[in-house]
Amino acid sequence: MGLWRAKFFEHALFYAGTALRILHKLPRFSEDFDFSLFKKDEKFDLKQYHEAIKVELEAFGFLVEVEKKERSQDSQIESTFIKVSTKTHFIKISIPKEISGRIQSNQISKIKIELDTNPPGKHGLEVIDVFRPVVFQVKTMPLEDLFVGKLHAVLARSWKRRAKSRDFYDYHLYIGQNVSPNLQHLQERLIQSGHLNTEEKLTTEKFKEKLLERFQCLDINQARQDVRIFLNERERQSLEVWGNEFFIKSISRINLSEY
């Protein structure tokens, strides 16, 4: 809301896991905020929005520090951290003493904000109304482009047999909602990250081949264990069906009718 008041969404949009949680009711925990500029601007500075973030949070009684992380010259990601005293704010929001009492007085909680200053192209734009704590509007990508962000993570993260299992959990939620991924946008992302040659076209067949290769080497037990901490007990039950064959079969369920 503070970013909206400061006109941040005239320059950038909200995407990835926390956007799914806030805007589309993703049933898992996600805390960091990911944004992407509408167009390339490697000199864009998140620091100009620090005060707006701080003022908004302090209006709700949160005493915060907003600190920029200096990025390397070859990075296209701007990063900022919101930092608070964990114990102080557990007490403020009435966390039970049996929990807050175990927190060290010097423990700090951090929420990371990241901004892509060199965004891949060929995606759409959607404006969503948010009704808490007041009505305001957030610019984001349509679901077919948000799905692409998750597919890119599934295909391109450098984990080999290991997995950032949140990616695979979110992947199935998109399939369950019959979301059709924008393969043109996925092609742009894969080219930018070096996982596709500039002269290559990402056909539906090549897309399926890449997913099949990924799912065949996935360490399912590790993936299942990693994602558990982000889910409540009800959602954890869905992990019982996870297996390599389960993910391989899911490829045929992806809605590729538009391509």
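The values are calculated or read from the model by the stated rules, or taken from the named source; none is laboratory data. As the structure is a prediction and not an experimental result, all values here were calculated from the model. Backbone-built Cβ (ideal geometry, glycine too); neighbour counts: all protein chains shown.
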> What residue, of VAL179, VAL130, VAL134, is over 16 Å from the mean Cα position of the chain (by Cα), assigned by TED's automatic domain parsing to the domain that holds CYS217 and among the aliphatic types (A, V, I, L, M)?
Replying inline: VAL179
> Which residue out of ILE82, ILE95 is without any contact (Cβ under 8 Å) to a residue 40 or more places away in the chain, surrounded by 14 or more Cβ atoms within 10 Å (Cβ to Cβ), among the aliphatic types (A, V, I, L, M) and assigned to a loop (DSSP other than H, G, I, E, B)?
Replying inline: ILE95
> For residues in region 28-39 being within 24 Å of GLY124 (Cβ to Cβ) and surrounded by 13 or more Cβ atoms within 10 Å (Cβ to Cβ), which is modelled with the lowest pLDDT?
Replying inline: SER30
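Say whether the condition of being touching a strand residue (DSSP E or B) at 6+ places or on another chain (Cβ under 6 Å) and of a type in the set (S, T, N, Q) is met by at least one residue in region 102-112. Quick ask: steps written out before the conclusion?
Going residue by residue through region 102-112, those that are touching a strand residue (DSSP E or B) at 6+ places or on another chain (Cβ under 6 Å) are 108-112.
From what is left, the residues that are of a type in the set (S, T, N, Q) are 109.
Yes: region 102-112 contains one or more residues that are touching a strand residue (DSSP E or B) at 6+ places or on another chain (Cβ under 6 Å) and of a type in the set (S, T, N, Q).
Does region 32-44 hold any residues that are in contact with a Lys or Arg (Cβ under 8 Å, 6 or more places away or on another chain) and in a loop (DSSP other than H, G, I, E, B), and which are they?
Residue satisfying the conditions is ASP32 alone.
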>> Which condition from (1) at pLDDT 90 or above; (2) under 27 Å from ILE229 (Cα atoms) is the one that LYS139 breaks?
In response: (2)
>> Restricting to region 98-138, count the residues that are within 17 Å of VAL64 (Cβ to Cβ), part of a strand (DSSP E or B) and touching a Ser or Thr at 6+ places or on another chain (Cβ under 6 Å).
In response: 2
> Residue check: is ASP74 among the acidic types (Asp, Glu), under 18 Å from the mean Cα position of the chain (by Cα), closer than 26 Å to ASP167 by Cα and surrounded by fewer than 16 Cβ atoms within 10 Å (Cβ to Cβ)?
Replying inline: no
> Out of all the residues in region 1-52, which are of a type in the set (Ser, Thr, Tyr) and out of contact with any strand residue (DSSP E or B) (no Cβ under 6 Å at 6 or more places or on another chain)?
Replying inline: SER30, TYR49
>> Looking at LYS43, LYS25 in this structure, which one is loosely packed, with under 13 Cβ neighbours inside 10 Å, farther than 15 Å from GLN137 by Cα and under 17 Å from the mean Cα position of the chain (by Cα)?
In response: LYS25
> Hey, does region 172-186 have a residue that's in a loop (DSSP other than H, G, I, E, B), without any contact (Cβ under 8 Å) to a residue 24 or more places away in the chain and hydroxyl-bearing (Ser, Thr, Tyr)?
Replying inline: no
> surrounded by 17 or more Cβ atoms within 10 Å (Cβ to Cβ), among the aliphatic types (A, V, I, L, M) and modelled with pLDDT of 90 or more: does that describe LEU231?
Replying inline: no
> What number of residues in region 193-226 are of a type in the set (Ser, Thr, Tyr) and assigned to a helix (DSSP H, G or I)?
Replying inline: 1
> Looking at ARG189, ARG166, ARG157, which is the one that is within 28 Å of ASN232 (Cβ to Cβ), within 19 Å of the chain's Cα centre (by Cα) and surrounded by 17 or more Cβ atoms within 10 Å (Cβ to Cβ)?
Replying inline: ARG166
> Here are some conditions: (1) among the basic types (Lys, Arg); (2) loosely packed, with under 15 Cβ neighbours inside 10 Å; (3) within 15 Å of the chain's Cα centre (by Cα). LYS139 meets all but one. Which one does it not meet?
Replying inline: (2)
> Take the residues of region 234-255 that are outside any helix (DSSP H, G or I) and under 23 Å from the mean Cα position of the chain (by Cα): which is surrounded by the most Cβ atoms within 10 Å (Cβ to Cβ)?
Replying inline: ILE254
